[in-house]
Structure formats: C-alpha cells, structure tokens
Amino acid sequence: MMAPHAGEGVTGPELMELMRQQAVNFGTRIVTDDILRVDFSKRPFRVFPSEGGVVEAQCVIVATGASANWLGLPSEEHFKNRGVSACAVCDGALPRFRNKELVVVGGGDSAVEEATYLSKFASRVHLVHRRDALRASKIMAQRAHDDPKIQIHFNSGLAEVLGDDARGVTGVRLADTADPSRETRLDVAGVFLAIGHTPNTAFLEGQLELTPKKYIVWKKHFRTETSVEGVFAAGDVADDYYRQAISAAGTGCMSALDAERWLAAQGVH
C-alpha cells in the first residue's frame, strides 16, 4: 500500500477524499450545494439548488443518505467522535472502547443489536432506556436480558456526557424519567446512540414513493429503480436495514449501471 498508509490503513474521511479524487480524475464534475426541491413530473427533470438557478437532467440518482438521530445535548455534541458515536459497527472495535464499560441509549431492536455487538469488545454494556420495558421484539429483548455483559437501566435517560478534552468521554449522568431529581453516574469510555435514523428525503415529498419511515421505495427486487422512471436511488436513503458504507457504495455502483442502461435504452448519449 502506498505511503503514508502502509501498515496503518486510512481513516473514513481520508477514504472519502481519495474516492472523491478518483471520481474527479475520471472527469466527474462536482458541485457542492444543497438541493431544496425537485420536479420529477416530466423530463428533463429539474432540481433546484440553494444557491439559485435550476439544473436539468434526463436521469437522476438520489443518494442523500440518512441522518442518525441525536438527543441534542450540548455535551453529546462536544464529545462526538471522542467517545460519542451513533454506529457501534463502525466504531465499536476501536481500541479506545476495548475492555471498557460502554453505554447504549435506546430500547428497540437496533439498540439491542448495538449492545450485543459491543458486548464482544466491552467489559460491560449499559443499555439505557427511558421506559420500563424494551420496545425490541421479544426474542431480541430476551437476548439482552440473557447476556451477562449487558446491564439494562430502565426508566432512565441520558442527562449529560462527562469527560475532558484530553481523554474524551469518561462517564455519563443518567436521570430517572419518573423523578428527574434522582440521578446515577456511570464511569464509561463510550456512549452509543441507537435511537433511529431519519432519511434525508424531505425535499422528495410528493415526488417519489416513500415508505412509512420516509425511505425511498425500490420498485423492483435487487434494482435501484424508484417510482419515477429515470430516477434511481442508492445508499442509506433507500436502506433502513444495513446502513453501512460498503453496502451503500455497492448500491451506488448498481444505480450507476441502472442509469447508464436506462439512458442507452432511451437513446440518450
């Protein structure tokens, strides 16, 4: 592997920048802007950037992703990427979390999955849920109850992430949801939020078919076609199950091939 990455690999941001540069090297034109709304009612399709004007296209691939839900605590924001994460699969195996006590916030299937995954690396996982019973399916909830390395804190909410700039996260302060004056402090090295994701599809309302959770619907099995012919979707914006960079990149390749073949069939070059 070329220097300076030999023996080290690359960070996520570095990998993204390398992939961006690879695209530029092959002639891709990149425009950095936000799309406020779209018009897919007729071709050419029209998209409206925030900086004004309109962009017309015969074909569109939507790959706007999904954003992790956060609690909105100032301390949560302060310690993001320094012990606070929204993806256990992405970050859980990092050395800073190994053989340490960790917190997972949430009570659904995703939260239990994250806690179970983290239990492979952590000394103990504290699953913090604001209600008196998990929302997860019975089999998933039982899995959490049966795991000796998972301790469930019912009727509890994350009130504050504790730490310092040198070490990052060093603990949390939990508040009793029934009596906020009652607090518990836990010494932990990491906090993982597992309270869901929100797909970035608000600008597509009324333009494409969306699921009840607002993810784009793929209309054909193992294809990236949407409800509008000539519009394709890739990545987490249409995937509420895997939500991994590698699976998103795979559907990105699929959508590019689908789009190219569709354009060729339309006689557009």
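The values are calculated or read from the model by the stated rules, or taken from the named source; none is laboratory data. Bear in mind that the values here come from a model prediction, so they are computed numbers and not experimental data. Cβ placement follows ideal geometry from the backbone for every residue including glycine, while neighbour counts extend to all protein chains displayed.
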- Message: Name the residue that is farthest from Gly65 (Cα to Cα), counting only residues in region 205-217 that are in contact with a helix residue (DSSP H, G or I) (Cβ under 9 Å, 6 or more places away or on another chain) and surrounded by 18 or more Cβ atoms within 10 Å (Cβ to Cβ).
- Response: Leu210
- Item | Among (1) over 21 Å from the mean Cα position of the chain (by Cα); (2) modelled with pLDDT of 95 or more; (3) of a type outside the set (Asp, Glu); (4) not in a helix (DSSP H, G or I), the one test that Trp218 misses | (1)
- Task: Among residues belonging to region 30-87 that are small (Gly, Ala, Ser) and closer than 30 Å to Leu174 by Cβ, point out the one that is surrounded by the fewest Cβ atoms within 10 Å (Cβ to Cβ).
- Result: Gly72
- Among the residues of region 90-118, which ones are of a type in the set (A, V, I, L, M), in contact with a helix residue (DSSP H, G or I) (Cβ under 6 Å, 6 or more places away or on another chain) and farther than 17 Å from Asp146 by Cα? Leu102
- Scanning region 92-102 for residues that are in contact (Cβ under 8 Å) with a residue 12 or more places away in the chain and in a helix (DSSP H, G or I), which turns out surrounded by the most Cβ atoms within 10 Å (Cβ to Cβ)? Phe97
- Item | Qualifying positions in region 221-232 - in contact with a helix residue (DSSP H, G or I) (Cβ under 6 Å, 6 or more places away or on another chain) and not in a loop (DSSP other than H, G, I, E, B) | Phe232
- Could you tell me whether Val268 is surrounded by fewer than 16 Cβ atoms within 10 Å (Cβ to Cβ) and touching a residue at least 12 places away in the same chain (Cβ under 8 Å)? yes
